[in-house]
Every structure is written in C-alpha cells, then in structure tokens.
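All remarks here apply to the structure that follows.
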Amino acid sequence: MVSITERGVGRITTKQRWLAGLLSALLFLIVCLSWGTTWLGIKIAVETVPPLTASGLRFLIAFPLFLGFALLRGDPVFFPRARLGFFVFVTLCYFSLPYYLLNYGEVYVSSGLTALLFSCMPVFILIFSSLFLRERIHLSQVLGIAIGFGSLFMILRSQGLSLEHAGFGGVLAILGAALMHALCYVVTKQKGAEISVITYNTLPIGVAGLMLFFAGFILERPDFDGISVRSWGALAYLGLCASVGGFIVYFYLLKRMSPVMLSFIFIIFPVFAVLVGTWYENQPIASDFALYASTLLMGFAVTKLPLEKLVRRRPGLQG
C-alpha cells in the first residue's frame, strides 16, 4: 500500500515534471522567436548602417555580455594553445565572413527569404559530413535534399531572382554564409569537441567584432550621424537578445531536450521569419510562396532526423 506521504511526493514530482516540460516548451518558443526575428533585425540595421560596420557593431555590443557570462561560469576565455589555428578558423569562417555576407545579402533580399535560404545550412552539414567524416547519407535524406532544393529553386523563380537580377548576388552571399557555417560545424566536430560552447563563442565574437568594425570604418566610411534610431535599436536587439539571449536559452535547452527535437528549431524559425517579415513589409504571403516554402522546410526536416550526433555539438550562436 502507498502511504499518503508517498502519494503526495508522487504528485509533487509529476507537477515538477509538468512545469519543467512547460518551461522547456516556452524557452523553445523563445529561441524560435529570437532567431526568427534576427533576419528582420539585420534588414532594419542595414537600412542606414553599411554591412561590414553593422556586423562589427552587433558583435561589439554582444561581446561584454558573453565575456561576463564566461567569467560567471568559470569557463576559459582563450582557446587552448594547441588550437590557435582553429581559433583563427572559427573567428574568420564562423563569425567574420559569414555575418558580413548575411548583412550584405539582406541589402537585396527580404528577411523571410534570407531565413529560408539559411535553413539550407543543416543540409550542407550533412554533405560535408559525408565528404570529410565519411558519414553515411541515407536515401531518405537524399530525397529530402532533392525536395528542399527543388522547392528553393521554385521560390527564387517565383520571387523573380534571375542571374541578371541584383538580388541574385544577395542570394549567393546568404548561401555562402550557410556553407561556411556548415563547414565550421563539421571541422568543430573534428578539432574542437573538447572546447566549451562558451569559450567557442566569447573571444571569437570580440575579435570578429573589432575586425569587422575597423574594416567597415576604413572601407565603408559609415556616417554615424546618419544612422537612424531604428537601426541602432535593431543592432542593440541583435547584440543583446538575438545573439546573447538566444544563445543562453539554447545552451540551457541543449542539456534538457532531445538533440533531434531541438534541431527542429531550424525548421520552425524560418516560419517566424517569413511571418514577421511580411508583416513588417506589409505584404501578403503569396499562395505559391507558402506552398514552396512549406515543401522546402518539410524536405529539410526529413534530412534532420538522423543527425542527432551532429546537432549535439552545435556551437551555439545563430543568425
């Protein structure tokens, strides 16, 4: 027979589990919203701030909070000496060049389409893993890739982005950023598995921020007096909320949710990005765009199901 005390403990345990599940669901939604609105934030930032300068300012805003978080947790700020080359690779190929390409791309491409283009990144992880790590690609994943990229082609065609269109350069820039991030994830699995997620992000963000800002100051000669309040607000949001806030919440969930379930953030946040972007631009979502976008995300969802090992070591910052 179960005593009253034991039944009471059982009820408390069940309630705690229910509350923990509810908290995880809410935090999952927060990450999707945070990363889903990143693309609109970039779009607003580059309205009056050139792409290089905007990328640098975003990271310079985020760096002090990342540094404080690292010191609070007691994580090392510096990479191990034996990983100096890897540190340079991460700084350049995960933070500096890709985020400049994203900012440049959004000068020409809508925020919603940018998010859909970047959702190709896990597929590139799959391809690079097959090439460099000799990991097997399943037939279902090949089918998902074909469906996803076929839908992406139809989206670009329906948006009127041809080889002669100025927006095609923006599309290539965004896909280039996704490719570089994917390559960085695969190389991280090989050479950076022992480096904590906090260490991985903190110093590279600071160094990348300085490099991008000074490069922008020299090459773009930004007019700081001409930067709008809206763009400053977008940069603050990107640095404080989308980067630091989204990262911390994702780091919390990484220890409490199934990696496969958590990986579906990549499928959900583009939906938020499209909805928020069309609301901001005051344009309805065309029926063919909705159809192709849904098919693209479903195709990429098929490719993500067997990727548990890769998603478990995802570096953290996104968008």
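The values are calculated or read from the model by the stated rules, or taken from the named source; none is laboratory data. These numbers were taken from a predicted model, which means no experiment stands behind them. We place every Cβ from the backbone using ideal geometry, glycine too, and count neighbours over all the protein chains shown.
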For segment 64-106, the count of residues that are among the aromatic types (F, W, Y), buried (at least 20 other Cβ atoms within 10 Å of the Cβ) and farther than 16 Å from F247 by Cβ equals 4
Is it fair to say G150 is farther than 25 Å from F87 by Cβ and at pLDDT 95 or above? no
Those residues of segment 224-244 which are touching a residue at least 24 places away in the same chain (Cβ under 8 Å) and over 12 Å from A45 (Cβ atoms), in sequence order: G226, L240, C241, S243, V244
